[in-house]
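K.L.:
Here it is, the structure in full.
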Amino acid sequence: MPPKAGKQEKAKASTSKASPRQTRNSSQPVTFDSDGDTESDFDEAVDFITREAMLMATVNKAIHEALAKQSETIKTEICEAVKSAIAPLTAEIKSLQEQVVQQNETISKMSERIDDLEQYSRRNNLRIENITEIQGENTDELLINFAEEKLKMKLEKRDIDRIHRVGDPKKKQNRALIVKFTSYNVRREFYKRRTQLRNLPGQKIWINEDLTKQRFGLYYEARKMVKDKLLHKTWTMDGKIFTMKHENDKPIIVTTMHKLQSL
């Protein structure tokens, strides 16, 4: 007996019917249907993308850590290589610096020694400032009369080795007199009597020791400090520069600008 047509059609329809998951092409866009299958696909896609993103993040982190570690290693190796390369140079530079310091000390000592010898060669000299200059003057007689009238000291020609004016006559009036005495004792007595000039009226005259260029500059700065009230007093004796910070202080001999400025 042949099957009924209704049952055969229902069977055929049931076997030919497929779910949307089996029949949908992967290249087709996802659409939302009311049956809920497409929503499940979307969730799976989100999970997949999330896992991929986490994986990529982990990979990137690992790459960055590896690169950072490698960079640090390279940096350390470069630093060590540079230190190793410059170590001999550093030692050589230090040695050269020590040599320069020693040479500077030697030069300084030699310079001081030369200055001492030059000052010693001037030990019989004095410098007299602001004695009236007359054309054609006899400087020997001028000094002898000055000693007798101003210093109350008897001076003879034999006491004078040399005497002359210094400086350009066209640029300065009453140029300084440089006197070299034949005896240190006469020179010392003449210099000691300079204090008598302080109370004399009229033209001011100064008697100073004939200092080297280096000591003259140092003494000039010391006198400026006295004027600015940074020092109480300064003077020279036998080419040495003495200073007093305060009135009752012990005199200090200064030999360098650094020592003077540190007072």
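K.L.:
Looking at segment 46-54, can you tell me whether even one residue there is at pLDDT 85 or above, surrounded by 10 or more Cβ atoms within 10 Å (Cβ to Cβ) and either of a type in the set (Gly, Ala, Ser) or within 60 Å of the chain's Cα centre (by Cα) (or both)?
P.N.:
yes
K.L.:
Right, something else. Got at least one residue in segment 173-184 being modelled with pLDDT of 95 or more, part of a helix (DSSP H, G or I) and under 16 Å from Asn125 (Cβ atoms)?
P.N.:
yes
K.L.:
Under 26 Å from Glu118 (Cα atoms), within 29 Å of the chain's Cα centre (by Cα) and loosely packed, with under 15 Cβ neighbours inside 10 Å, is that true of Lys192? It would help to see each step written out before you state the result.
P.N.:
Values: under 26 Å from Glu118 (Cα atoms): yes; within 29 Å of the chain's Cα centre (by Cα): no; loosely packed, with under 15 Cβ neighbours inside 10 Å: yes.
It is false that Lys192 is under 26 Å from Glu118 (Cα atoms), within 29 Å of the chain's Cα centre (by Cα) and loosely packed, with under 15 Cβ neighbours inside 10 Å.
K.L.:
Sticking with this structure for a sec: With (1) free of Cβ contacts under 8 Å to residues at least 12 places away in the same chain; (2) surrounded by 10 or more Cβ atoms within 10 Å (Cβ to Cβ); (3) of a type in the set (S, T, N, Q); (4) not in a helix (DSSP H, G or I) as the list, and Thr132 as the residue in question, which single condition is left unmet?
P.N.:
Status for Thr132: all satisfied but (1).
K.L.:
Output yes when any residue across segment 105-120 is modelled with pLDDT under 95, of a type in the set (Ser, Thr, Tyr) and surrounded by 11 or more Cβ atoms within 10 Å (Cβ to Cβ), and no when none is.
P.N.:
yes
K.L.:
Condition test on Thr132, is it at pLDDT below 95 and more than 22 Å from Thr236 (Cβ to Cβ)?
P.N.:
Yes: the conditions hold for Thr132.
K.L.:
A further question follows. Looking only at segment 102-122, decide whether some residue is under 30 Å from Glu156 (Cβ atoms), under 44 Å from the mean Cα position of the chain (by Cα) and in a loop (DSSP other than H, G, I, E, B).
P.N.:
Yes - at least one qualifying residue is present in segment 102-122.
K.L.:
Let me ask something additional. Quick one: which of Glu221, Glu189, Glu149, Glu141 is charged (D, E, K, R) and closer than 30 Å to Thr256 by Cβ? Write out each step before concluding.
P.N.:
Values: Glu189 fails: closer than 30 Å to Thr256 by Cβ; Glu149 fails: closer than 30 Å to Thr256 by Cβ; Glu141 fails: closer than 30 Å to Thr256 by Cβ.
Going through Glu221, Glu189, Glu149, Glu141 in turn, just one is charged (D, E, K, R) and closer than 30 Å to Thr256 by Cβ: Glu221.
K.L.:
Is it the case that some residue within segment 23-34 is exposed (fewer than 10 other Cβ atoms within 10 Å of the Cβ), assigned to a helix (DSSP H, G or I) and modelled with pLDDT under 70?
P.N.:
Yes; the residues of segment 23-34 include at least one that is exposed (fewer than 10 other Cβ atoms within 10 Å of the Cβ), assigned to a helix (DSSP H, G or I) and modelled with pLDDT under 70.
K.L.:
Checking the structure you have, find out if any residue of segment 138-153 is free of Cβ contacts under 8 Å to residues at least 24 places away in the same chain, in a loop (DSSP other than H, G, I, E, B) and either surrounded by fewer than 18 Cβ atoms within 10 Å (Cβ to Cβ) or not aliphatic (A, V, I, L, M) (or both).
P.N.:
Yes, because at least one residue in segment 138-153 is free of Cβ contacts under 8 Å to residues at least 24 places away in the same chain, in a loop (DSSP other than H, G, I, E, B) and either surrounded by fewer than 18 Cβ atoms within 10 Å (Cβ to Cβ) or not aliphatic (A, V, I, L, M) (or both).
K.L.:
Mind checking which residues of segment 166-187 are surrounded by fewer than 16 Cβ atoms within 10 Å (Cβ to Cβ) and among the charged types (D, E, K, R)?
P.N.:
Asp168, Lys170, Lys171, Lys172
K.L.:
Tell me the strands (runs of 3 or more DSSP E) entirely within segment 188-263 that contain at least 3 residues that are without any contact (Cβ under 8 Å) to a residue 40 or more places away in the chain.
P.N.:
Numbers: elements: 206-209, 233-237, 240-244, 252-254.
The qualifying strands (runs of 3 or more DSSP E) are 233-237, 240-244, 252-254.
The values are calculated or read from the model by the stated rules, or taken from the named source; none is laboratory data. These numbers come from a predicted model, not from an experiment. Please note: Cβ atoms are built from the backbone with ideal geometry, for glycine as well, and neighbour counts cover all protein chains shown.
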